[in-house]
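Quick note: the coordinates plus some simple rules give every number you see, no bench work behind them. Model, not experiment: these values are computed from the prediction. In this analysis, Cβ positions are derived from the backbone assuming ideal geometry, glycine residues included, and neighbour counts consider all displayed protein chains.
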Amino acid sequence: MEFHQIRHFVAVVETGSFTKGAQREAVSQPAISASIAKLEAEIGVRLLDRRRSSVVPTLAGVRLLEIGKTMLLLGNSVKAELRALTGPDILRLGVLLSLSSGQVSELLASFRRSYPHVTIEVFDGPCGQLLDLLADGQLDAILTISDNDSTKLVTRVLFEEPYVLAVPSRHRFALRQSVSLVELDNEPFVLRTRCECYRNVTEALDRHGVRIRVVYRTDQDDRAFALVAAGIGIAFTPAHFEVPGVTQVPVADFEVKRTIALRWLADRNDDYLHDLARFADSHPWTPSSRLPRTLAEQDRGSAPRT
């Protein structure tokens, strides 16, 4: 029994799929299947019930899952203590500029509490720049938009969110279930110049013959939200932000979404990357209480991603 076999087993159980488990561990599906088959042969019991719809652990598998997680945590702890004797571990993380500072800082603070010996260096940037720095080896991982265009990257999807309309809490739209694009004609707008959906917004407004009044342009999201809260204008923003004095309202005929993921090079096999991925995966990026009403209604009946 080897650590990588335990890690592969845990990944398959937690994702419910050999394919997703292989993606999570950055190995091929045949490799992870062979790894677990070898583990079952060595132990002499069947660990997984391979159903058509999903993979679930047997009674023995459930017990191994509990023990295996403990083993992996203990192994990581031993490695960390030994590494600390030779110097600090550094994890270089790139963060998309349009991610909420509060959400990112909460994630990093939680990770540091469990791994106080790891020094985290953070670099902010747009998606393209982060991908370039990752490819050049200047970053270990990036929190950014997932485009699924590279087989060289491991992509751990964290959450999907729509773009919504941010309005002052006392605005006439604030109590609405949703608004339509034509209702935005001649509205004062705070334009987020780093917005990834800028082109989509412009094209959608043009198709509907809507003309907005841009009263402020800024590449800083905190300033944009402050101006919205102050009643200077309204803005298109990703849905995961939570700002006092600002209400998010879905736009019924603007269905652009983005998918946020943690990404790293497939040839990296760093325990800290996998640990950070687990922290990021369980982080409450978009609790259901914070989602726009229409999105929560669409997802009703299925377990929300947290």
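Annotations for the structure displayed:
- For Leu48, nonlocal amide neighbours, meaning residues 5 or more places apart or on other chains whose placed amide H falls under 5 Å from its own, are Thr58.
- In terms of overall dimensions, the C-alpha atoms belonging to the range 1-117 reach 44, 37, 24 Å along their principal axes, ordered largest to smallest.
- Semi-axis lengths, Å, the range 161-257, gyration tensor of Cα atoms, sqrt of 5 times eigenvalues: 17, 15, 13
- Estimated [θ] at 222 nm from DSSP helical runs (n ≥ 4, -39500 (n - 2.57)) normalised by residues in the chain, nearest 500: -12500 deg cm²/dmol
- Length added when fully stretched, Ser28-Leu73, from 0.36 nm per residue minus Cα-Cα: 13.8 nm
- Taking all Cα-Cα distances within the chain, those exceeding 35 Å account for 30%.
- Of the trypsin sites (Lys or Arg not before Pro) in the range 27-134, those whose Cβ has at most 10 other Cβ within 10 Å and which sit in DSSP loop: Arg51, Arg52
- In the chain, Cα pairs under 8 Å separated by at least six residues give a relative contact order of 19 percent.
- FRET efficiency for the Glu183 to Ser105 pair, using the beta carbon distance and R₀ = 41 Å, is estimated at 0.70.
- Choice from Val154, Val228, Val62 showing the highest fluctuation, given a GNM over the chain with Cα pairs closer than 10 Å: Val62
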